[in-house]
Amino acid sequence: MIQYFHNARLIDPEAGQERLGSVLVEHGAITELDGPCPDGAQPIDCGGKCLAPGIVDMGVQVGEPGAQHKESLRTAGLAAAKGGVTTIIMRPDTTPAIDTPEVLEYVTRRAEARTPVHIRAMATLTRARDGREMSEIGFLLDAGAVAFTDGDRILRDTKVLARCMTYAKGLGALIIGHPQDGGLSDGACATSGKFASLRGLPAVSPMAERMGFDRDMGLVEMTGVRYHADQITSARTLPALERAKANGLKVTAGISIHHLTLNELDVGDYRTFFKFTPPLRSETDRSAMVRAVADGLIDVICSMHTPQDEESKRLPFEEAASGAVGLETLLPAAMRLYHSEGLSLPQIWRALSFNPAKLLGLASGRLSVGAPADLVLFDPDAPFVLDRFALRSKSKNTPFDGARMEGRVLATYVAGNCVYEYKD
C-alpha cells in the first residue's frame, strides 16, 4: 500500500523545523518527503493540520500481568493509539516483575497479539525490584529489554547499584534511575513548604532529589555507564545535571507531563488525583523545568502513565496511591506548553518522540526517508473539555478531568496502518 500525506504541517523534531509539505509512505516506511503524488498512491489530505512522528512514551505502567483490573495490554494499546502514542515503553513493575527472560518474552508475545501500537519493555535492575540481587541483565538484553530500572523503588545499597552499573557498562545497557534520597522521601506525599504545612501533609524537601542525583552521578562517573534520570522535577537539581553533561558523562533526564503543567497548589483540598511520586513542586520549580526542556537540558517528556482504581484513590491523601493515567492526555497537556509557555512544536516533539527513540536505539521518532511510518495527525488548537469516563484506559485517575484543553489527535498510524481515527 502506498499513501501520500499532503497539505500537512510537518513537525520535524530532528531538524527542528515546522513547514508545509507532504510524506510518501510505502510498505510501512517513509520513502519521500515533499515529492509529487505517484500513480496508484492513496492521497490523504491532512487539511493543513500537524503531522508528526508518533510519540514514544517512556515509563508506562501496564497492569498485565498481575493487575489487569487497572490496565491490560489491550486497553493500554487502545489508549495509546487514541493519544497519538505509537510506541509504549513499558515499566517492569508488574506482578511478577519483569526480571527474567521468560517473563519478558511472555509480555512481549501478549503485547504483539493484543495491541495496535508497538510495545517494548524495560526489565528490572534487581530481582523482584528488592534492591539486593542483580537481575540477569545480559540474558534480558538478549531477550529484548530496552533498559533496566527498579522504577520508583530507590536502590539504597550503593554497592549493589555500583555492581549493576559496572555490569551494564560492559554490555552497553541503559540504566534508568529514580533520583531521590530514600531516607528523606519515605512517607512524604507533598513538597515541603508553606502549602504542605497548612495542609498538614508529610513533606519532603526538593533537596532529596538533588542528593539522590548527586549519589548516582558519582557512580556514573566511577563506572561510565549510560544513565537516564526518569524524573527531574526540582530547579535545585538542574545545575548538577548541567555539570554532569558538561563533564562528558553519558547522562540524560526526563520529566512527566504532570510536573511540567501542574504545581503543588493544584492539590487544593486534598485531591488525590494530584498525588504523584515525586510530589508536585512549586510554580518556580515548574517554570524552571519548562525552560530546561526548551534549552534541551531535560531530554524527554513522558506521561508516566500509572493507572489506579477508584478504591486506591478514594482514600485520605496520605494513604491514597500515587500516579495518574496519561497516555491519552499527554498530547493535549503538552499543547499547554505550546500555547502558554512558548515552546515550539519541534521542541516539544524532540522531547516526546525523537530523543526517547534515539536514547533507546529505536528507528522511530523522526520524519526522514527510511524511518517507520509511525505518525500522528493532530490539531494543536482544537478545544475540548476532558471527560475522564471517555478515556479508553481501564482506570480513570486523571488530574485533568473537567479541564478545558486544546489539542486533539485526529489519526494515528503505525507502520502506515491507521490504528485510530477521530470521529466527531
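The values are calculated or read from the model by the stated rules, or taken from the named source; none is laboratory data. Quantities reported herein were computed from a predicted structural model and do not represent experimental measurements. Backbone-built Cβ (ideal geometry, glycine too); neighbour counts: all protein chains shown. Just the protein is used for accessible areas: all its heavy atoms, side chains included, with ligands, DNA and RNA removed. Shrake-Rupley method; radii C 1.70, N 1.55, O 1.52, S 1.80 Å.
Observations on the model:
- Filtered residues of the range 157-176 (kept if within 24 Å of the chain's Cα centre (by Cα) and free of Cβ contacts under 8 Å to residues at least 40 places away in the same chain): 164
Here is a yes/no grid of residues against (1) surrounded by 18 or more Cβ atoms within 10 Å (Cβ to Cβ); (2) free of Cβ contacts under 8 Å to residues at least 40 places away in the same chain; (3) of a type in the set (Val, Ile, Thr):
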site: 42; (1), (2), (3): no, no, no
site: 45; (1), (2), (3): no, yes, no
site: 48; (1), (2), (3): no, no, no
site: 53; (1), (2), (3): yes, no, no
site: 66; (1), (2), (3): no, yes, no
site: 73; (1), (2), (3): yes, no, no
site: 94; (1), (2), (3): yes, yes, yes
site: 115; (1), (2), (3): yes, no, yes
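- Matching residues in the range 307-321 - criterion: being buried (at least 17 other Cβ atoms within 10 Å of the Cβ) and out of contact with any helix residue (DSSP H, G or I) (no Cβ under 6 Å at 6 or more places or on another chain): 307, 308, 309, 312
- Restricting attention to the range 10-47, the residues that are within 25 Å of residue 347 (Cβ to Cβ), in a strand (DSSP E or B) and of a type in the set (D, E, K, R) total 3.
- Residues satisfying the stated conditions in the range 375-393, i.e. open to solvent by 10 Å² or more (accessible area, probe 1.4 Å) and more than 29 Å from residue 275 (Cβ to Cβ): 377, 379, 381, 382
- Residue in the range 170-182 that is under 21 Å from residue 129 (Cα atoms), in a helix (DSSP H, G or I) and at pLDDT 95 or above present: yes
- Residue in the range 271-298 that is least open to solvent (accessible area, probe 1.4 Å), counting only those that are in contact (Cβ under 8 Å) with a residue 60 or more places away in the chain and over 25 Å from residue 182 (Cβ atoms): 273
- Residues satisfying the stated conditions in the range 394-414, i.e. in contact with a Pro (Cβ under 6 Å, 6 or more places away or on another chain) and either open to solvent by less than 10 Å² (accessible area, probe 1.4 Å) or assigned to a loop (DSSP other than H, G, I, E, B) (or both): 395, 405, 407
- Enumeration of residues in the range 252-278 that are polar (S, T, N, Q) and either farther than 19 Å from residue 187 by Cα or assigned to a helix (DSSP H, G or I) (or both): 252, 256, 261, 263, 272
- Unmet requirement for residue 223, which otherwise passes all of (1) closer than 18 Å to residue 271 by Cβ; (2) surrounded by fewer than 22 Cβ atoms within 10 Å (Cβ to Cβ); (3) among the β-branched types (Val, Ile, Thr): (1)
- Residue list for the range 151-182, filter: of a type in the set (Val, Ile, Thr), under 27 Å from residue 204 (Cα atoms) and open to solvent by 20 Å² or more (accessible area, probe 1.4 Å): 154, 158
- Checking each residue in the range 225-250 for being part of a loop (DSSP other than H, G, I, E, B) and more than 12 Å from residue 207 (Cα to Cα) picks out 225, 230, 231, 247, 248, 249, 250.
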